[in-house]
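> Have a look at this one before I ask anything.
Coordinate-derived values only; no laboratory data. The structure presented is a predicted model; accordingly, all values stated were derived computationally and were not measured. Every residue, glycine among them, receives a Cβ derived from its backbone with ideal geometry; neighbour counts consider all protein chains shown.
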Amino acid sequence: MKGQDTMENENDVVVMMTTVDNPYDPIDDYDHWLDFDMIKGYGTNELLSRITDIKYDEMSDNEIKNEIEEAIDRFISEDPLNLYKKVKHAPSEFVA
């Protein structure tokens, strides 16, 4: 079913935040991305955790994904240094 395939593909999409100077993709090369992020002292994961309002026991997976993306969008729109950007795509292992 074509419509069902589209929905599955949308569910495979991952959204993450990174810094503009990080050469690694946080979705496809997470370990290298995290090493770079930590060496630079950015703490992007910790920052994202602080700016999201996730209630795991009350929210569905889709609501959690939406909250994360909305928090990233809000933060980036207010980032005075333009240091952060959003990365959004399916992990390469899911791409045919």
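> Given (1) loosely packed, with under 13 Cβ neighbours inside 10 Å; (2) touching a helix residue (DSSP H, G or I) at 6+ places or on another chain (Cβ under 8 Å); (3) in contact (Cβ under 8 Å) with a residue 12 or more places away in the chain; (4) not aliphatic (A, V, I, L, M), identify the lone condition not met by residue 75.
(1)
Quick grid of which residues meet (1) in contact (Cβ under 8 Å) with a residue 60 or more places away in the chain; (2) out of contact with any Asp or Glu (no Cβ under 9 Å at 6 or more places or on another chain); (3) under 20 Å from residue 24 (Cβ atoms); (4) surrounded by 13 or more Cβ atoms within 10 Å (Cβ to Cβ):
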{"position": "50", "(1), (2), (3), (4)": "no, yes, no, no"}
{"position": "53", "(1), (2), (3), (4)": "no, no, no, no"}
{"position": "57", "(1), (2), (3), (4)": "no, yes, no, no"}
{"position": "60", "(1), (2), (3), (4)": "no, yes, no, no"}
{"position": "87", "(1), (2), (3), (4)": "yes, no, yes, yes"}
